[in-house]
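Below is one structure, written out as structure tokens; comments come after it.
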Amino acid sequence: MPYPHGGLARHGNVPPGERLRVLLVEDDEGDAFLVGELLAETNSMIDLVVATSLSEARQRITGVDCVLLDLGLPDAQGLDGLRQVLEMSSGAAVCVLTGRSDEHLGIVAVAEGAQDYLVKGQVDGVLLTRALRYAVERKRADVNARRLREVELRQAESARLERGLLPQPLMTTDQVAVHTFYRPGRHAALIGGDFFDVVQTRPDRLDLIVGDVCGHGVDEAALGVELRVAWRALVLAGVPDDEVLPALEQVLMSERRLQEIFATVATTRLDLDANRATVRLAGHPPPLLLSGGRVVPVPAPGGLLLGVRPRRPIAYDLEFDTDDWSLLMYTDGLIEGRVGAGNERLDVPGLSGLLDEPANREVSLPELPAWLVGRAEQINGGPLADDVAMLLVSRGGGR
């Protein structure tokens, strides 16, 4: 029960949330009475609850902001009692109040986890009230610092994991150059539901993929990684071209957490010796071809989304007219930004228009993907909301 002399009277103009609830663990009734009087005389806004033993304290500690502990109790003595209180106190502060004027014991008590060490007879009401409030604030600061540190550690571990999941293009050829760009839509994330990869299986053959799993969360990011790894494995295993995306769809359908989850994919197989490409689209926006000073979308059939109704994408053969060209593969996060104040989207024609701007002629190919994102955000009037992934593969002058 609350101690009747412990500053329990509530003041009408004081919000209840500003009061502290303190549990005094003290077996001496006279000392407990004195603590209650000290708090009462200062209008401390502290509610005092008294327990005469650790076992009684264990029953009354719920909802307590601070524990004021005597080190000489019937069922615990010295630091052993302190350790038990620290174990049971959870988020509550702990102050030691004892008649032992032992500085070394006080240092050890604080080292064990107590917020303060007070000696009976050497504190008045003001000092006691201040010590309890400071102890509570120190405990809250310690708890917040620990939580912040735990969050920072988890974020660092997540960042290391996500960084390790980003692909490293597997290619050795110098006949073409591949420039990549990746930015997730999730705040502070390194990887999202979009994915890309590049794999060279022969000296004259290069396979590329860009894909987009619907959604922006961690589950979608994990699924995007699974699909990328599965695609790389299928390509390296020499699975026939027409069977790769159907197999990838099987992976998607078996690994997705909801039946409504789908993905769009664009793949390109480059035959470097023949200077040609084969493009397959599964509900994905078409690549853009930069060649001869012009920008045109590759007219490949759009195909169906992966995970909706299994169906083989139709291959489209693209012949390059010159040895100077670039092929830009991207996800729809790049083209879904708004144009102006209305609901019009940038879309494929708008992206083609950006690449046709005279200003982009001065942008080097490695910097072109980032430049496109900057221009899309400028037109959008702010950051793009969705993940953005790009592959820019270039031969010769690239334009």
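The values are calculated or read from the model by the stated rules, or taken from the named source; none is laboratory data. Quick caveat, the model's predicted, so the values are computed rather than measured. Ideal geometry is used to build each Cβ from the backbone, glycine not excepted, and the neighbour counts take in all protein chains shown. What goes into the accessible areas is simple: the full protein's heavy atoms, side chains included, and nothing from ligands, DNA or RNA. Shrake-Rupley method; radii C 1.70, N 1.55, O 1.52, S 1.80 Å.
Observations on the model:
- Arg183, sole failed condition from (1) modelled with pLDDT of 80 or more; (2) in contact with a Pro (Cβ under 7 Å, 6 or more places away or on another chain); (3) not aliphatic (A, V, I, L, M): (2)
- Subset of region 33-88 that is hydroxyl-bearing (Ser, Thr, Tyr) and surrounded by fewer than 22 Cβ atoms within 10 Å (Cβ to Cβ) - its residue that is nearest to the chain's Cα centre (by Cα): Thr62
- Within region 170-185, tally of residues that are within 19 Å of Asp212 (Cβ to Cβ) and in a loop (DSSP other than H, G, I, E, B): 2
- In this structure, Pro383 does not qualify as open to solvent by 10 Å² or more (accessible area, probe 1.4 Å) and more than 34 Å from the chain's Cα centre (by Cα).
- Of all the residues in region 95-138, those that are assigned to a helix (DSSP H, G or I) and open to solvent by less than 30 Å² (accessible area, probe 1.4 Å) number 10.
- Unmet criterion (only one of (1) under 22 Å from Gln200 (Cα atoms); (2) open to solvent by 60 Å² or more (accessible area, probe 1.4 Å)) for Ala274: (2)
- Within region 236-268, tally of residues that are hydrophobic (A, V, I, L, M, F, W, C), part of a helix (DSSP H, G or I) and open to solvent by 10 Å² or more (accessible area, probe 1.4 Å): 5
- Contact map, region 321-344: residues that are closer than 19 Å to Leu290 by Cα paired with residues that are surrounded by fewer than 17 Cβ atoms within 10 Å (Cβ to Cβ), Cβ distance under 6 Å, separation 6+ or inter-chain. Pairs shown: Asp323/Gly396; Asp324/Gly396; Asp324/Gly397; Ile335/Asp347.
- Number of positions in region 331-376 that are in contact with a Gly (Cβ under 7 Å, 6 or more places away or on another chain), of a type outside the set (Val, Ile, Thr) and part of a loop (DSSP other than H, G, I, E, B): 1
- Leading residue by the ranking (nearest to Leu327 (Cα to Cα)) among those in region 355-371 that are among the aliphatic types (A, V, I, L, M) and free of Cβ contacts under 8 Å to residues at least 40 places away in the same chain: Val363
- Residue match in region 320-331 (condition: in contact with a strand residue (DSSP E or B) (Cβ under 7 Å, 6 or more places away or on another chain) and more than 22 Å from Gln175 (Cβ to Cβ)): yes
- Among the residues of region 313-332, just one is open to solvent by 50 Å² or more (accessible area, probe 1.4 Å) and aromatic (Phe, Trp, Tyr), namely Tyr316.
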